[in-house]
Amino acid sequence: MSNPSSDMSPAGGRNGLEVAITLKAFRAASGETRVALRDVGFALKPGEVCALLGPSGCGKTTLLRIVAGLDHDFDGRVWLPSPHRLGMVFQEPRLLPWRTVSQNLRLAGASPETGLDEIVAALGLAAHLDHFPGELSLGLARRVAIARAFAVKPDLLLLDEPFVSLDAALAMRLRAELMALVETHRATTLIVTHDVEEAISLADRIIVLSGAPGRIIGDRPIETPRLALTPARAVGIKAEIASLIAKAAS
Ligand SMILES: Nc1ncnc2c1ncn2[C@@H]1O[C@H](COP(=O)(O)OP(=O)(O)OP(=O)(O)O)[C@@H](O)[C@H]1O
């Protein structure tokens, strides 16, 4: 695997996101090479919400990091919408520990003009703006990370299990926030989740990766508009996706 063969390009006429990873491998300290992703290719239209599912260790976070431009050491190419404003939520909140909540949000580009106050209020963060990350519970820190990603009004959103370990009511509110954001800003979204129901409720499309090395074993559109999706149909899709994931993990 060599750097010259990997490329992150602005879209050059493309408006969505296009991923064509032929190979991503990690070299272990022992010198052994472990392939994490092989032949993963897909394209998302502007505003398309795609949920990425697959067994633990199949390369979902690795894929998100490549799309975010945090990892260039892969074979293939990624085309990003051009220009784009990226919002990303990692599994861990990753806030700057020496900056207050307010500073963390503003440093990311959030401002009253981008609707920061509304998002802070929606996430119940108003009382915590002057706190430092070390003073926050994990749930609160996750909410700050979500506020930071949403408040820059991104048109490309990369979310790595953003709602995990939040209480059910808050997670539901945040899913609604996400849908509103996607609707108003046509944010092209890639969301990693282990929750099939969450994927069905949020995504226009579900991509399932195989066990390591991850490759695409399912790519399924979800009926839109969402209201047209009957509970019986949703149950059917859930069973179908769950069986793919179980097969991938076995
Ligand atoms: N920095 C690294 N160095 C070596 N191996 C790595 C590194 N990061 C990830 N891996 C390996 O790559 C594979 C894919 O990891 P990744 O975290 O992308 O999986 P995942 O699907 O996101 O897992 P989970 O659902 O458990 O979060 C795993 O085998 C992991 O051990």
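Brief remarks on what is shown
- Taking the DSSP bridge list for the range 155-250 and keeping only pairs wholly inside it, about 50 percent are antiparallel.
- Taking the centroid of alpha carbons for each part, the range 168-214 and the range 51-130 are 14 Å apart.
- Computed from the C-alpha gyration tensor, the three semi-axes of the ellipsoid equivalent to the chain are 28, 23, 18 Å, from longest to shortest.
- For the range 108-175, relative contact order (Cα pairs under 8 Å, six or more residues apart, normalised by length) works out to 40 percent.
- For the chain, averaging the sequence separation of C-alpha pairs within contact (under 8 Å, six or more residues apart) and dividing by the residue count gives a relative contact order of 27 percent.
- Potential lengthening of the chain between Ala43 and Phe132 amounts to 28.2 nm, from the contour at 0.36 nm per residue minus the alpha-carbon distance.
- Total lysine pairs in the chain at Cα distances under 20 Å, for residues eight or more apart or on different chains: 6.
- Based on DSSP H segments of at least four residues, each scored -39500 (n - 2.57), the chain has a per-residue ellipticity at 222 nm of -10000 deg cm²/dmol.
- Built amide H within the under 5 Å cut-off of Phe74, gap 5+: Ser6
- Placing a pseudo-label 7 Å from each Cα along the Cα-to-Cβ vector at Ser250 and Ala168 gives an inter-label distance of 3.0 nm.
- Derived scalar couplings between HN and Hα for the range 83-90 equal x, 9, 10, 8, x, 9, 10, 7 Hz in order, rounded to whole Hz, by the Karplus curve 6.51 cos²θ - 1.76 cosθ + 1.60 (θ = phi - 60°), x for Gly and Pro.
- Once backbone amide H atoms are built at 1.01 Å from N, Ile217 has Val208, Leu209, Ser210 as its partners under 5 Å, excluding neighbours fewer than 5 places away on the same chain.
- Full-stretch length increase - Ala242, Ser56 - with 0.36 nm per residue and alpha-carbon distance subtracted: 65.6 nm
- From the Kirkwood radius over Cα pairs of the range 52-126, Stokes-Einstein at 20 °C and 1.002 mPa s returns a whole-number translational diffusion coefficient of 142 µm²/s.
- The chain: DSSP helices with Cα axial extent of at least 24 Å and average Kyte-Doolittle hydropathy no lower than -0.5: 168-185, 231-249
- In the range 134-208, Cα pairs under 8 Å separated by at least six residues give a relative contact order of 34 percent.
Rule-based calculations on the coordinates, nothing more; no lab input. Not measured: the values here are computed from a predicted model. So basically every Cβ, Gly included, is an ideal-geometry build from the backbone, and we count neighbours across all protein chains shown.
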